[in-house]
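One structure below.
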């Protein structure tokens, strides 16, 4: 039975063109079922600035208000996702990009307000 590899990349890889290119080449070479999870790096912040949506962070974590939710959905689920899919296809790695909302793949609930209110940030609901 094949293992399923679930790999998450963060902004340090996404924001470094050479690192991303090398990572995607290595990821494509994995000859087993695999899932790549990604955020958006600084792209969402740059596009937000262009659109007049200011980013707010507490301890390095993005605060997600309504306009920011729209922004990160557009950037993470659209622009960045499709760029990654196209790069993987170029490495002969058949790929498709989805978000947690597609097909109700990932269930989550809004994170309760504690010391910090992160806005529309959610926590994944475990499958029972």
Let me have the 222 nm mean residue ellipticity of the chain computed from DSSP H runs of 4+ only, each contributing -39500 (n - 2.57), with the sum over all residues rounded to the nearest 500.
-9500 deg cm²/dmol
With angles folded into 0 to 90 degrees, how steeply does helix 17-28 sit against the dominant principal axis of the chain? Use alpha carbons for both and round to 10.
50 degrees
Just one of (i) 36, 15, 11; (ii) 27, 20, 13; (iii) 23, 17, 13 is semi-axes √(5λ) of the Cα gyration tensor in Å as worked out from the coordinates here. Which one is it?
(ii)
Angle between the Cα long axis of helix 81-90 and the longest principal axis of the chain, 0 to 90 degrees, nearest 10?
10 degrees
Explain nothing, just the number: relative contact order of the chain, from Cα pairs under 8 Å at least 6 residues apart, as a whole percent.
22 percent
What does the highest-first list of 54-61, 90-97 look like by mean Cβ count within 10 Å?
90-97, 54-61
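Since every read-out is calculated from the coordinates, none of them should be taken as a lab result. Since this is a predicted model, take the numbers as computed values, not measurements. Note that we place each Cβ from the backbone using ideal geometry, even for glycine, and neighbour counts take in every protein chain shown.
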